[in-house]
C-alpha cells in the first residue's frame, strides 16, 4: 500500500515539507493508530535481542541520525518496529542549516541528495524532549559542531554536547564526516580525532556510567584512511564505528547529469552507495579481525541488503533513505529475515 498509493502522493511535494508533514501526522495519529502500527510492523521475538558494546537492543534495526534530529518522535518510532533510535545531529546552539532548497529526491536511483547543514533546535531542546521520553528503546545521540564554530574550537562544541546529553542517551556518535557542513570533513584529521575521542573517553570515565562512543565515517575513505581508523580506535579505546555517512561522490547514478548539476553539492544516500558502504564495513571488520562493533548503514532498501551488511561484519544496521522509499514494511522484513537466517 505504501509504495503503490502513499509514496506516489508524498513524492508529488517538496521532500523537506513532506518530512515535517509526516512528523506532525505521526504525532497526531499515534493515539489512534499506534496499536495498528505495532500490529503491522513490530516483530517481538527474544531471538532478535542483541547485546552490543554493553547495551541490549530489542532488535538490530535502527533509524539513522538525520531522520529525527530533535528527538520529536522517540516514543512514536517504536511503533514501526525499530530496535533503537539515533537522534541528531545536534549542535550546542540552534541553527537553521543551509539555505533551502536543500533536500532532493532521485527516484530513478532510489536515492537522496541533502545539504541540510545540521539544522536542529540545539542540544538543550533535545535534552528537554529526552527527559520526558516514555520509550525504553536504546537512544543514541549524534553530536556535531555549530557551523559558526571555527575548527580550532570544534572540540569545545563536541564536549558541550557530550556533557549535555550524557544522562539522557545510551550511546554517542561523533559526526565529523558529514559533507554538508563547511569544513567539517577537515576534522577527520587523525591527530584531531585522537585528541577529541580520547578527551570524550576521559570525561566518560569520570562520570562512571560508561556511555559507548562511536565514530561515524564517510563511505569515501581509502584503505590507508580506513587503516588509520582501525589504529585510532585501538588507541583511543572508543567502542565502535558507524559505516557509513552520506557520500560526496556521484557514482552509479542513472539520473540525468543535467539534473545532478542543478542540484550541485550535497551528501548522496540510498541505493547508489550500498556497495561502497558494504565494502567499508567488510574491510574494517576483516582488517581489524572484528576488534570493534560496527553499525552498518547506507543503501539498505531490502532485507537482503541488511543481511549483506551483517554478513560483511555489521553487528547492527540502520536505515534512513530506504525507510523513505520502502516504508515501514522494510523494518519488519529485515527483522523477519534475520529470524529466518538464524533459525
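The values are calculated or read from the model by the stated rules, or taken from the named source; none is laboratory data. None of these values were measured; they are calculated from a predicted model. Glycine also receives a Cβ, built like all others from the backbone with ideal geometry; neighbour counts cover every protein chain displayed.
Among the numbered conditions (1) farther than 24 Å from residue 286 by Cα; (2) modelled with pLDDT of 95 or more, the only one that residue 191 does not meet is (2). Filtering the stretch 6-45 to residues that are under 15 Å from residue 81 (Cβ atoms), over 22 Å from the mean Cα position of the chain (by Cα) and either in contact (Cβ under 8 Å) with a residue 60 or more places away in the chain or part of a helix (DSSP H, G or I) (or both) leaves 30, 33, 34, 35, 36, 37, 38, 39, 40, 45.
Results for (1) in contact (Cβ under 8 Å) with a residue 24 or more places away in the chain; (2) within 26 Å of residue 103 (Cβ to Cβ); (3) buried (at least 23 other Cβ atoms within 10 Å of the Cβ), shown as yes or no for each residue.
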site	(1), (2), (3)
122	yes, yes, no
139	yes, yes, no
143	yes, yes, yes
161	yes, yes, yes
168	yes, no, no
175	yes, yes, yes
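The set of residues from the stretch 233-249 being over 14 Å from residue 285 (Cα atoms) and either surrounded by fewer than 18 Cβ atoms within 10 Å (Cβ to Cβ) or in contact with a strand residue (DSSP E or B) (Cβ under 6 Å, 6 or more places away or on another chain) (or both) comprises 235, 237, 238, 245, 246, 247, 248, 249. Given the condition touching a strand residue (DSSP E or B) at 6+ places or on another chain (Cβ under 8 Å) and surrounded by 16 or more Cβ atoms within 10 Å (Cβ to Cβ), answer yes or no: does some residue in the stretch 23-39 qualify? No: zero hits. Given the condition within 17 Å of residue 190 (Cα to Cα), over 23 Å from the mean Cα position of the chain (by Cα) and touching a residue at least 12 places away in the same chain (Cβ under 8 Å), answer yes or no: does some residue in the stretch 249-259 qualify? No: zero hits.
What are the residues in the stretch 316-335 that are touching a strand residue (DSSP E or B) at 6+ places or on another chain (Cβ under 8 Å) and farther than 21 Å from residue 246 by Cβ, if any? Selection gives 335 alone. Of the numbered conditions (1) under 19 Å from residue 88 (Cβ atoms); (2) more than 16 Å from the chain's Cα centre (by Cα), residue 323 satisfies every one except a single condition; which is it? Status for residue 323: all satisfied but (2).
Please verify whether the stretch 207-216 includes one or more residues that are in a loop (DSSP other than H, G, I, E, B) and crowded, with 17+ Cβ neighbours inside 10 Å. Yes, that holds for at least one residue. Against the criterion of being closer than 30 Å to residue 117 by Cβ, in contact with a helix residue (DSSP H, G or I) (Cβ under 8 Å, 6 or more places away or on another chain) and assigned to a helix (DSSP H, G or I), residue 280 qualifies. Flag not set for residue 318, criterion: modelled with pLDDT of 95 or more and surrounded by fewer than 18 Cβ atoms within 10 Å (Cβ to Cβ).
Of the strands (runs of 3 or more DSSP E) contained entirely in the stretch 80-133, those carrying at least 1 residues that are under 28 Å from residue 36 (Cα atoms) fall at 84-90. Within the stretch 204-220, residues that are over 28 Å from residue 283 (Cα atoms) have Cβ atoms under 6 Å from residues that are crowded, with 20+ Cβ neighbours inside 10 Å in these pairs: 204/211, counting only partners at least 6 apart in sequence or on another chain. Restricted to the stretch 46-79, and to residues there that are in a strand (DSSP E or B) and touching a strand residue (DSSP E or B) at 6+ places or on another chain (Cβ under 7 Å), the residue that is surrounded by the fewest Cβ atoms within 10 Å (Cβ to Cβ) is 50. When the stretch 84-115 is filtered for residues that are touching a residue at least 60 places away in the same chain (Cβ under 8 Å), under 19 Å from residue 129 (Cα atoms) and under 16 Å from the mean Cα position of the chain (by Cα), the ones remaining, listed by number, are 84, 86, 87, 88, 89, 90, 91.
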